[in-house]
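For reference, the structure is listed below as structure tokens.
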Amino acid sequence: MSKLTAIRGFNDILPTDTAKWRAVESVLTQVLDGYGFSQIRLPMVEETDLFARGVGEATDIVEKEMFGVVHGNQNTGKDENEKSFTLRPEGTAGCVRAVVEHNLTRGDTPKLWYMGAMFRYERPQKGRYRQFTQLGVESIGSPLPDADAELIAMTAMMYKRLGIFDHVMLQLNTLGEAHERIAYKTALVEYLTAHFDGLDDDSQRRVSTNPLRVLDSKDEQTQAILLGAPKLSDFLGDESRLHFEQVQNYLHTLGIDFEINEKLVRGLDYYNKTVFEWVTDKLGSQATVCGGGRYDGLVGIVKGKPEQSEPAVGFAMGLERLMLLMETVNPIADTADCDVFVVASESVYMNAVLYANELRTYRPNMRVKMASATSLKSQMKKADKSGAKFTVIIGDDEVANQTVSVKNMATGEQASRAMTDFDFE
Ligand code: ATP
Ligand code: MG
């Protein structure tokens, strides 16, 4: 029989790393709380149609990255309605689905966040996995540029608090409105068609399926051709232009530097007006650590009533890439998971269990560990290795006197105290 291992592209996060993840997550949630955003918890599986319609048929995600699920009954692969289900490749579509389904916009402009696993069937490599974690944030109901700027400012605050702000760069662009993009697409397709033979294969295909995506082709020859291509900014109307300027004004006021990247189109269909990415030069080709933008049409698409849409803006931050970046530029020190280690001789081990239980009861914030009732020597070894600040030693004498011996692990000093004294500061 062969040994069973994890599936390619699916990672375990081991105890030394989970401590670091929790430290980062707590910084992120602190910032989210500081901006008054509320958590929403969403299912990991949705109807395939939600992504096909919401994310868009001609996107990388829907074209080639969706993870199907064998749904309903494992043996038949079917549920009662024979619908197709998909593991969520991103969170915005599901979040908007929940907002619409529960009417959260009635009389409110919800500001929401979620954190959790996303699934994409892509080629696993450093910073690119088949299961990965995103922090997603969606601000729904405001068409105004302050909403876009608020989200960008919040991401900047996160990077500052994590001590990595100097290693990320904000890129900004505007995609204008759908009707402006249609006019632009016509001009772009005309130009690309005239230079069709010079384009890379992917770009040739995209000329008819999703011409804007040609702009972010990595192919050098394609990029050379694009130098002479029409620019989307020349097709924008006053309203789109002003919106973009105002977003930039807010960022200037807040002291957040950015670079305008006219080739930034983002991979998802639902965006309009502002799009942004935070990129780093520390992670090779997996350079984007966060991406987002405005998606004023998505609520209507999910409702099935495009004319009843509601404006919205959001972003998604990839946590694995964030952790890799932290590891590279501002590593979090390994920390102990224990404050007090309780050891006892076998004859009084029961008393020690009771003592540890009381300590945990009276001092709920204290992390109290015990080894199993093996020899005192082997328990002491574990206490030494644990990184605990104090070791409490309980033997026959201590129990007889209702005391414990407390060893300060930093100084090596040992002192006796009452068994009911739980003060460890
Ligand atoms: P990329 O261009 O790197 O494929 P993307 O445009 O597909 O990214 P989004 O859909 O915008 O990414 O997702 C937002 C963030 O989620 C990315 O910036 C990245 O940090 C992270 N991310 C996306 N796909 C993966 C993946 N397969 N593995 C790890 N992180 C990912
Ligand atoms: Mg991708």
- Message: Can you find a residue that is within 16 Å of ligand 2 (Cβ to nearest atom) and either aliphatic (A, V, I, L, M) or assigned to a helix (DSSP H, G or I) (or both) anywhere in segment 15-36?
- Response: no
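Hey, does segment 4-12 have a residue that's part of a helix (DSSP H, G or I) and either of a type in the set (A, V, I, L, M) or on the phi < 0 side of the Ramachandran plot (or both)? Outline the logic, then answer.
The first filter runs over segment 4-12 and keeps only residues part of a helix (DSSP H, G or I), leaving none.
No: segment 4-12 contains no residue that is part of a helix (DSSP H, G or I) and either of a type in the set (A, V, I, L, M) or on the phi < 0 side of the Ramachandran plot (or both).
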- Residues that are within 12 Å of ligand 2 (Cβ to nearest atom) and either touching a Cys at 6+ places or on another chain (Cβ under 6 Å) or basic (Lys, Arg) (or both), drawn from segment 104-125: 120, 123
- Scan segment 93-129 for residues that are outside any loop (DSSP other than H, G, I, E, B), within 16 Å of ligand 1 (Cβ to nearest atom) and touching a Pro at 6+ places or on another chain (Cβ under 9 Å) and jot them down. 94, 118, 119
- Given (1) within 18 Å of the chain's Cα centre (by Cα); (2) over 18 Å from residue 254 (Cβ atoms), where does residue 105 come up short, assuming only one miss? (1)
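Is it the case that segment 242-260 has a residue that's within 16 Å of ligand 2 (Cβ to nearest atom), more than 13 Å from residue 315 (Cα to Cα), of a type outside the set (Val, Ile, Thr) and exposed (fewer than 14 other Cβ atoms within 10 Å of the Cβ)?
The first filter runs over segment 242-260 and keeps only residues within 16 Å of ligand 2 (Cβ to nearest atom), leaving none.
No, segment 242-260 contains no residue that is within 16 Å of ligand 2 (Cβ to nearest atom), more than 13 Å from residue 315 (Cα to Cα), of a type outside the set (Val, Ile, Thr) and exposed (fewer than 14 other Cβ atoms within 10 Å of the Cβ).
Quick one: how many residues across segment 126-142 are more than 16 Å from ligand 2 (Cβ to nearest atom) and loosely packed, with under 15 Cβ neighbours inside 10 Å?
Just the residues of segment 126-142 that are more than 16 Å from ligand 2 (Cβ to nearest atom), to begin with: 135, 137-142.
Checking which are loosely packed, with under 15 Cβ neighbours inside 10 Å leaves us with none.
The total comes to 0.
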- Query: Any idea how many residues of segment 302-357 are touching a Pro at 6+ places or on another chain (Cβ under 8 Å) and crowded, with 19+ Cβ neighbours inside 10 Å?
  - Reply: 1
- Task: Residues that are on the phi > 0 side of the Ramachandran plot, aliphatic (A, V, I, L, M) and crowded, with 19+ Cβ neighbours inside 10 Å: find the strands (runs of 3 or more DSSP E) completely inside segment 360-416 holding 3 or more of those.
- Result: none
- Message: Just to be sure before I move on: is residue 89 assigned to a loop (DSSP other than H, G, I, E, B), touching a residue at least 12 places away in the same chain (Cβ under 8 Å) and either β-branched (Val, Ile, Thr) or surrounded by fewer than 17 Cβ atoms within 10 Å (Cβ to Cβ) (or both) in the structure I sent?
- Response: no
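So which residues in segment 187-233 are part of a loop (DSSP other than H, G, I, E, B) and among the basic types (Lys, Arg), if there are any at all? First the steps, then the outcome.
Going through segment 187-233, the residues part of a loop (DSSP other than H, G, I, E, B) turn out to be 195, 199-200, 210, 217-219, 227-231.
Residues satisfying the conditions are 218, 231.
Taking segment 95-122, which residues are among the β-branched types (Val, Ile, Thr) and under 8 Å from residue 138 (Cβ atoms)? If you could, list the steps in order and put the result at the bottom.
Of the residues in segment 95-122, the ones among the β-branched types (Val, Ile, Thr) are 96, 99-100, 105, 109.
Correct list: 96, 99.
Only the coordinates and a few stated rules stand behind these numbers; no lab work does. Keep in mind it's a predicted model, so treat the numbers as computed, not measured. Note that we place each Cβ from the backbone using ideal geometry, even for glycine, and neighbour counts take in every protein chain shown.
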